[in-house]
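What follows is one structure encoded as structure tokens, with my remarks underneath.
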């Protein structure tokens, strides 16, 4: 085994708590504390650093051109940065095996590769001949590819050598597929006792629906989360696949892998991580359940629930040019500023959560917003404490000044064409993510990976001759 099976890291020094002089305390109002829990924003009633929250006023200046702020140096992902060496990443030295599939498993593998792990993609040798017809998947960036026939004895033997050399494996097959291929968790644990076995599915490894087909829309529906997107008299809003597949599946798989690998360093034993998308989506909705059952704050009636875009302060509004802006002034000081900036000085900000007032005020806000273009509203409100952002298209988002400064996207040259992809996240101050590189073609790294396992060139040639690898 590799990086994670060395000595334990020494306990980190605890961070010093901020002193009393660094905080200001304000009277607590429960609904404002709740909003801060939901949105991670400073709110009246919380102890906040004075440069984040000012009780004497709020930030009112709108700016369209966002100037570069004085922040620590960002890692430049667009070009090689000599000062960062090879940008090995915080997971450098870790080896992960990914059994090729679709959905959240490839995304999880990509994130591990972004952070410096050696991710080896085990693909079917039968797919090798057809590989030239398909572009390399963006989610395979930074990965190596080995093509094996897992139905052949020689192909399985090579896969076992890889498993025995790795820290973890991830797979996203329907429950039972890995067992039928001969790589059951029990057999893997016997032959590679320290390895963490990551499994991600929609319904989970157990349960009445575990063998049923499904997609993101189904998992979000069954967990009750889709019902939280219903506006009055309308069908639920269909979420993009990031909710179930990526957030509920890939992110919880990654979290489980990190937890299990940390524990393996202490116990000397790996384990199975069963990451079901329905589990992850349900876990992410925990605060909604708390607001509904324990606090009575979440309203089942959409007309009384500002989270469902029925209020005048949490909504996307259409502009004069048919484009949209968003307002999210859920805190009282931000809502008061919204009313001021929109000229609604006759509206009492103290009645913000009186839902009976919402329809009339919302209609007035909508009419005012329709009086200017999106660009005009950006010039007036962007950067202020109104909690404002324009609704941008996927094509426009990379060019926004804030996104551009933070390098949210990277351009990769893939087979003679440029592909724009999201940049690795999160950011690290000392061990930045590895600069993204295009993923390998199917089987592109077969010889190199087999050689790293001790195969001689003659052995590799024999495997190719028998079609056990490609």
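Listing for the model above:
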| quantity | calculated |
| --- | --- |
| Residue in segment 242-250 that is in a loop (DSSP other than H, G, I, E, B), under 22 Å from the mean Cα position of the chain (by Cα) and surrounded by 13 or more Cβ atoms within 10 Å (Cβ to Cβ) present | no |
| Pick from segment 109-135, criterion under 16 Å from residue 464 (Cβ atoms) and surrounded by fewer than 16 Cβ atoms within 10 Å (Cβ to Cβ), ranking: modelled with the highest pLDDT | 126 |
| Residue match in segment 353-361 (condition: under 18 Å from residue 391 (Cβ atoms), assigned by TED's automatic domain parsing to the domain that holds residue 312 and more than 34 Å from the chain's Cα centre (by Cα)) | no |
| Failed item, numbered, when residue 266 is tested on (1) within 23 Å of residue 106 (Cα to Cα); (2) surrounded by fewer than 22 Cβ atoms within 10 Å (Cβ to Cβ) | (1) |
| Those helices (runs of 4 or more DSSP H) lying entirely in segment 322-436 with at least 1 residues closer than 30 Å to residue 231 by Cα | 332-341, 358-369, 374-381 |
| Filter result (surrounded by 13 or more Cβ atoms within 10 Å (Cβ to Cβ) and either farther than 14 Å from residue 285 by Cα or within 18 Å of the chain's Cα centre (by Cα) (or both)) within segment 212-231 | 214, 215, 216, 217, 218, 219, 220, 225, 230, 231 |
| Complete set of residues in segment 437-451 that are part of a loop (DSSP other than H, G, I, E, B) and either closer than 18 Å to residue 114 by Cα or modelled with pLDDT of 95 or more (or both) | 437, 438, 439, 440, 441, 445 |
| Candidates 367, 379, 395, filtered to the one that is farther than 25 Å from residue 433 by Cα and without any contact (Cβ under 8 Å) to a residue 40 or more places away in the chain | 367 |
| Some residue of segment 369-383 being farther than 18 Å from residue 334 by Cβ, surrounded by fewer than 16 Cβ atoms within 10 Å (Cβ to Cβ) and touching a strand residue (DSSP E or B) at 6+ places or on another chain (Cβ under 7 Å) | yes |
| Checklist (1) at pLDDT 95 or above; (2) in a helix (DSSP H, G or I); (3) within 26 Å of residue 226 (Cα to Cα) applied to residue 287, failing item | (1) |
| Some residue of segment 430-438 being without any contact (Cβ under 8 Å) to a residue 12 or more places away in the chain and over 29 Å from residue 319 (Cα atoms) | yes |
| Residues that are under 24 Å from residue 455 (Cβ atoms), surrounded by 17 or more Cβ atoms within 10 Å (Cβ to Cβ) and out of contact with any helix residue (DSSP H, G or I) (no Cβ under 9 Å at 6 or more places or on another chain), drawn from segment 136-178 | 166 |
| Checklist (1) assigned to a loop (DSSP other than H, G, I, E, B); (2) touching a helix residue (DSSP H, G or I) at 6+ places or on another chain (Cβ under 7 Å); (3) assigned by TED's automatic domain parsing to the domain that holds residue 109 applied to residue 454, failing item | (2) |
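The values are calculated or read from the model by the stated rules, or taken from the named source; none is laboratory data. All values derive from a computational prediction rather than experimental measurement. Reconstructed Cβ throughout: ideal geometry from the backbone, glycine too, with neighbour counts over all protein chains shown.
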